[in-house]
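Visitor: I have a structure I would like to understand better, so I am pasting it below and will then ask my questions one at a time.
The values are calculated or read from the model by the stated rules, or taken from the named source; none is laboratory data. Quick caveat, the model's predicted, so the values are computed rather than measured. When we count neighbours, we look across all protein chains shown, and the Cβ atoms used for this are built from the backbone with ideal geometry, even at glycine. Areas reflect the complete protein model, heavy atoms only, side chains present, ligands, DNA and RNA absent. Shrake-Rupley method; radii C 1.70, N 1.55, O 1.52, S 1.80 Å.
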Amino acid sequence: MEILLMAVLGFGLDLILGDPHWLYHPVRLIGLGISGGEKLLRKIFPKTPKGELAAGAVLAVCIPLLSFAVPFLLLWLAGLVHPWLRIALGAIFCYQILATKSLRDESMRVSKELDKGDLQGARKYLSWIVGRDTERLEEPGIVKAAVETVAENASDGVIAPLFYMMIGGPALGFLYKGVNTLDSMVGYKNDKYLYFGRVSAKVDDVFNFIPAILSAWLMIAASAILPGFDAKNAARIYKRDHKNHASPNSARTESVCAGALRVQLAGDAYYFGKLVKKPTIGDDLRPIERADVRRANRLMYMTAVLALVVFGAVRLGVCLLVF
């Protein structure tokens, strides 16, 4: 019951507060650990494919374990003082793990710049939330990229952390954030990280496999609840296009969102100045428009609420059965 209470309180705090830029986020500490660990390990291990692979594997183990151990220890110490202090700290940790409101705020910032007719501003803010090059994008490409990042991050920024929090509390949630942050920083298939980031990318695929499937079906359910979304098409496109991505997980919620909005997402994009050929997701039934960023966020929010209800009910049921 304690974990359930922490998760619910953290979810509420996330919806209210989001991720203020003035507040130092613990994921930044994870990022600093990754950067420092990479520099150290690259010095220790040979600069060969096998050496880089081994160095990356060490980092892929150490960062998640540290991400788990630190909050676990802090929660244990808080519990020695008082159980309610542990719950309060756990709720804060859960809040920091989730990214529901910040995902909405950052994507809507892009949309607001487009409303003002400021393409350069929209490109700049988009570059903060996507990995692709943004300087060549016109308005349809900017909107498509913003919708894609909302759809994809609905899984690894909201549903997956909530999934792991409900299983093992904030410490397991932070372990997941360690895995996910590693992938976002070193899990690239370029010259620098082809070998060094390979294990991190594979571990992230494993950790996201079940949450991504759950996220997709919860998003289909959300599209059936919300007015103006095409749930039948969402399910159809999901079944057809959920493998249209190099990652085994990323196209799942993207395909649902594309189907629910009746638009086409993905396709070719530039990364680090190089054109990367990628399959499209969804059918081009209508032109994508600015309002689709807001619609994607509505879909993401409803998916998050459904996940809280479903995961919370399962957690509560397990607690009642055990105790």
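Visitor: Farthest toward the dipole's positive end in the stretch 1-93, which of Val81, Leu59, Phe93, given Cβ charges of +1 (Lys, Arg) and -1 (Asp, Glu) about the Cα centre?
Guide: Leu59
Visitor: Kirkwood hydrodynamic radius of the stretch 203-319 from all distinct Cα pairs, in Å?
Guide: Computed over Cα pairs of the stretch 203-319, the Kirkwood hydrodynamic radius comes out at 14.9 Å.
Visitor: List the residues whose amide H sits under 5 Å from the amide H of Tyr271, counting only those 5 or more places along or on another chain, with H placed 1.01 Å from N in the peptide plane.
Guide: Residues meeting the amide H criterion: Asp133, Val276.
Visitor: D for the stretch 153-247, whole µm²/s, Stokes-Einstein with Kirkwood Rh over alpha-carbon pairs at 4 °C and 1.567 mPa s: what number?
Guide: D, rounded to a whole number, is 89 µm²/s.
Visitor: For all pairs of alpha-carbon atoms in the stretch 42-120, what percent lies in each bin of width 5 Å, listed from the first bin to the last filled one?
Guide: Reading upward from the zero bin: 3, 12, 11, 10, 10, 10, 11, 13, 12, 6, 1, 0.
Visitor: Right, something else. Taking only the C-alpha atoms, wrap a convex hull around the stretch 19-166 and report its volume per residue in Å³ as a whole number.
Guide: Hull volume over Cα atoms, normalised by residue count, gives 153 Å³.
Visitor: In the stretch 1-136, what is the count of Lys pairs whose alpha carbons are under 26 Å apart, counting only pairs at least 8 residues apart or on separate chains?
Guide: Within the stretch 1-136, the lysine pair count is 7.
Visitor: Tell me the carbon and sulfur percent of the accessible area for the stretch 1-95, rounded to whole percent, probe radius 1.4 Å.
Guide: 80 percent
Visitor: Further question on the same structure: Quote the charge dipole size of the stretch 222-312 about the Cα centre in Debye, to the nearest 20; the model charges only the Cβ of Lys and Arg (+1) and of Asp and Glu (-1).
Guide: Here the stretch 222-312 has a charge dipole of around 80 debye.
Visitor: Size of the dipole of the stretch 85-147 about the Cα centre, Lys and Arg at +1 and Asp and Glu at -1 on the beta carbon, nothing else charged, in debye to 20?
Guide: Dipole size: approximately 280 debye.
Visitor: With +1 on the Cβ of every Lys and Arg and -1 on the Cβ of every Asp and Glu, and nothing else charged, how large is the dipole of the chain about its Cα centre, in debye rounded to the nearest 20?
Guide: Approximately 480 debye in magnitude.
Visitor: Could you check the spin-label model distance between Trp128 and Leu316? Points 7 Å from the Cα along Cα→Cβ, value in nm.
Guide: Placing both labels 7 Å along Cα→Cβ, they lie 3.7 nm apart.
Visitor: Bin width 10 Å, origin at 0, all Cα-Cα pairs of the stretch 93-151: what percent of pairs per bin?
Guide: Percent of Cα pairs in each bin: 24, 53, 17, 5.
Visitor: A further question follows. With point charges of +1 on the Cβ of Lys and Arg and -1 on the Cβ of Asp and Glu, referenced to the Cα centre of the chain, which listed residue (Leu41, Leu285, Asn249) lies farthest in the positive direction of the dipole?
Guide: Leu41
Visitor: For the chain, what is the Kirkwood hydrodynamic radius in Å, using each pair of distinct C-alpha atoms?
Guide: In the chain this quantity evaluates to 20.3 Å.
Visitor: If you roll a 1.4 Å probe over the heavy atoms of the protein chains, what accessible area per residue do you get for the chain, in Å²?
Guide: Numbers: 15460 Å² over 323 residues.
I get 48 Å² per residue for the chain.
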